[in-house]
1. Restricting attention to strands (runs of 3 or more DSSP E) lying wholly within the range 884-961, give those where 2 or more residues are loosely packed, with under 15 Cβ neighbours inside 10 Å and either touching a strand residue (DSSP E or B) at 6+ places or on another chain (Cβ under 9 Å) or of a type in the set (D, E, K, R) (or both).
2. Give me a count of the residues in the range 148-195 that are surrounded by fewer than 16 Cβ atoms within 10 Å (Cβ to Cβ), of a type in the set (A, V, I, L, M) and under 52 Å from the mean Cα position of the chain (by Cα).
3. List the strands (runs of 3 or more DSSP E) that sit entirely inside the range 314-377 and contain at least 3 residues that are in contact (Cβ under 8 Å) with a residue 40 or more places away in the chain and at negative phi.
4. Which one is surrounded by the most Cβ atoms within 10 Å (Cβ to Cβ), of the residues in the range 61-101 that are in contact with a Ser or Thr (Cβ under 8 Å, 6 or more places away or on another chain), without any contact (Cβ under 8 Å) to a residue 24 or more places away in the chain and part of a loop (DSSP other than H, G, I, E, B)?
5. Condition first: farther than 11 Å from GLU668 by Cα, part of a loop (DSSP other than H, G, I, E, B) and at pLDDT 90 or above. Now tell me which residues in the range 621-642 satisfy that.
6. Find the residue count for the range 396-412, including only residues that are of a type in the set (A, V, I, L, M, F, W, C), in a strand (DSSP E or B) and surrounded by 19 or more Cβ atoms within 10 Å (Cβ to Cβ).
7. From THR509, THR478, THR503, grab the single residue that is modelled with pLDDT of 90 or more and either surrounded by 14 or more Cβ atoms within 10 Å (Cβ to Cβ) or in contact with a helix residue (DSSP H, G or I) (Cβ under 8 Å, 6 or more places away or on another chain) (or both).
8. Given the conditions (1) part of a strand (DSSP E or B); (2) hydroxyl-bearing (Ser, Thr, Tyr); (3) farther than 26 Å from THR345 by Cβ, which single one is not true for SER845?
Amino acid sequence: MTNLNFMRTILQLAFVLCILLFSTKTMAQCAGTDNTVTICTKDADETNKTFDLFTQLGGSPTTGGTWSTNDPANFYALDRNTGILNLWDVKNSGQHEFTYTNDCSGSVESATITINLGGYPGEDNIDGSADACGDDPRVNLHGYIGDETEGKFQDFNGTWDAVTPEAAPYLSLNFFDAASAGPGIYEFTHTVPAVGPCPSRQARLILEVQRPANSGIGSNLTVCTTDDLSGYTDFNLNGLLEDEDINGTWSEGPNTDQLSDLTDQNIDIQAIRDRHTYGTFTFTYTVYPSHAVCDIHRTQVEITILPTLIATMNASNFCSGDTKYRIDITDYDDTLIGNGTYSVTYGLSSASGTNSETTALILNNDKTGSFQIDAILVQTNETTTLSIISLGEDVCPDIQVSPIQFIETDPMVDVTDACEANSVSVILSDIFDPSYNLANGTYDVNYTITAPSGTETVHQANAIAFSSGRANFTVPATQILETGEHTFNFEVENGFPLDCEITDSAMITAIPEAIDLNLLVDNSCNATSIDVMVSAPTLDDGAYEVTYEVISQETNTVLINNSINFNGGTADYEIDVTTLEQGNYTVTVKSTQNDTTPCRTEFDFEISEKFAVEGVPALPEAEAVQTFCLAEYSPGLPTLQDIIVSANGEMLFYDTATDMDILPLDTELVDGEDYFISNIDPNNNCEGSDRIQVTVNLSDPESPTLLVGNPTFCGSENPTVTDLITSVSSSGEIVWYESANGGTALSNDTALTNGKSYYAATEINGLCQSSERIEIIPTVYELEAATLEFSTLPLCGLDDPTITDLREAESDSSYTVLWYNTPENGTPLDDSTLLTTGTTYYAESYNPDTGCMNPERMAITIDLTNCEPEDYGFFIPDGFSPNGDGRNDTFFVPNIEVIFPEFTLEILNRYGTSLFKGDRNKPAWNGKNGNNTAPNGVYFYIIDYNKEGHTPVQGRLYLNR
């Protein structure tokens, strides 16, 4: 019973403890409770700038917690420690939540204040003080409705509407395109929506768009130092402008001295040329606007006087072999063009076509100069005209240097080796006459022979006939006085002047003694006797040994042999072969001439004849009808040697079965013709008595039909042989070649070459092709990739630069440039497209004549901060009046955020205390010192432009309310 009471007591204590703990947590609520507040006209009460959120909490909140918001737009309007909220800094009407979080004895609690905030549309501005310039395409209307009146800012979630109907097409959100709308007076409204019980509110704006100044579109004038400038002695600069205001004035650079005062607009270009010879001279047309809201406009034009090269060009006639040829410039006028190195573009023209290349031209102090041309561009053995095309964009294109002609030759001579006491054959080729034509007619040829001993003899071959630069004649044996290697140097008298020698060498070999052997078999098929005949030079000392033998071809056994010894002369011996049995035999006669004369090609002399005793060869074997595809033999025809025959020995062809006239092996076959064949047994030189017959058929499919002889392609499409198929039609398959005859068939993926000939043949069943091929010459348009003069282009955003300004970066070329804002694909940009900061633009080459383009694009980066302050009327105001009248209510420097995007601004009072710090994100001072109003008086500013070439400035300003 005692234990039961004890347990009951423990349970009662535990229950009381739980009640106490639960009551403590319930009563804590140190963060307070949620609450909703509605404020319709936040701008009507200045205390709303210090709205205390803590006092709006329900329950019993305790201090020490922190405040937070999930809306980044309200982040800086809230003091997270005190809960003080600047409702004037909350830029959007609508519902806003702020959360208070507190630590309640280890338990974190939170409560939320929801504010239904009515809208503030800003202040009416209808008194005519709102002005914008008619060249501004993005006028921010928020800047005119008192967004800083007493520190109040209009809501950003309002809606702008055009009351003036003409303004509606040019209004986008809060931006008005004044440049498109044009000068005039336009009315707008800014409306913020209703929020709960808070009504919608509206502010009015009357904006006057002022006419901008227009200094016109300028063009430049380029003349040459050698031009007749008498018509430019009273040149009106206005002629270089288009659509300009007439109330502008002209100014000039420091070196021209042409304008007498601001009313002067005429200059003497001839006088500028006479004073400076050449150069670029700048003149500026300035127009001031009728209203200060618009900028001063300036247009700059350039008068460029280019130097001119007047000179004489000389060149020798060249012989092939060098990689570069030197061209000399003489007597150039150094008063019209200075010494130095120029980028010369020259052109070469000959019968084979034209070439051009750019290289360096060096002009010296002595009025001479030179440049080199690439020998690989010169066509050998053709008259070539050389002309100077250009010295670059800085030199007048009217270059007064007459073209010259020269020729690169490759004169050749072939002198044939000879034996002693023989004349020497000479062949001259590629020889030109003085008129740069291949020599025709008769010319004397002078030549020098240098013997192995070094002795030189000079000779002349008279009236040698040349045809198309080629001639042949002989050097008489009487002019060759030694044996050994001789050198021959030739000169064609009155022929083409050469800078090189025509030379060759030849070996003159002593004549050797020789021995002559001969055999005469009375009947190759059934021999009975053989004559051995010997003819040899007579020897002063010694004897010849001549041996002969008869060998059985079946057993290789020598059956008859004998030796003959004599001192020279002739000999005739008979070999008796009547005792030989039936079979095939070989008779051989041998002799050795043991000398070392180089002119001899054989030292061992041997002659053999095959014969038989009662021997007749077997009949040849061949297909009776044989077909030949003519394409396999083009451009010729198949001959007798193309007939397939199997036979033992040499084959003989006849027209008939009984004809005795042997046909030559190169006899061309005739379609449908019969040919008769026999053979000679190589073992016995015996011809068979029977012949076989072969009938010949010649096959030649019809050639393709030409549809398009000169198809065109773009190189960027990578055309191949497959793309030529639409140029022809055929009854069979098409096979392509690079030559009209022969060659190897091209694969379908063979890349096409511009101007190259391709030939199509018809193939039937993969067996036979047409002998005639059709020629196709494709044109493949290649286009070089776009090139830019520089990769970064500095511009000023205040000029509203467009794609047209990018063309300043384009290199001089033969193609059109298309601009894109993507590295690939996309649509070309119109020249009027405005450039934007941070965008990379891409240039692509395009040929409108062919429709071809090169897809490789070049990138350029745009810098829109390249603005010279003095060119845009940059100034720092010396005062402002923050009295809330909508005029001059803040101190700010016009256009500073564009010209100096990294600037900083600091305002100090006369005691040096900093009242305001600003930059491009916070450019204007509203006359406040924190939450307090700064009194009237003098203040000081410090502006650090943070741009190279511009030092920080400081000055004073006056605040007058």
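1. Qualifying strands (runs of 3 or more DSSP E): 914-918, 937-944, 953-959.
2. Total meeting the criteria: 2.
3. Of the strands (runs of 3 or more DSSP E) lying wholly inside the range 314-377, those with at least 3 residues that are in contact (Cβ under 8 Å) with a residue 40 or more places away in the chain and at negative phi span 324-330, 340-350, 368-374.
4. So, considering only residues that are in contact with a Ser or Thr (Cβ under 8 Å, 6 or more places away or on another chain), without any contact (Cβ under 8 Å) to a residue 24 or more places away in the chain and part of a loop (DSSP other than H, G, I, E, B), the one surrounded by the most Cβ atoms within 10 Å (Cβ to Cβ) is ARG80.
5. Across the range 621-642, the qualifying residues are ALA622, GLU623, ALA624.
6. Number of matching residues: 2.
7. Every option except THR503 fails the conditions.
8. For SER845, the exception is condition (3).
The values are calculated or read from the model by the stated rules, or taken from the named source; none is laboratory data. The shown structure was predicted, so the numbers you read here are calculated from the model rather than taken from an experiment. For neighbour counting, all protein chains shown are included, and Cβ atoms are generated from backbone atoms with ideal geometry for every residue, glycine included.
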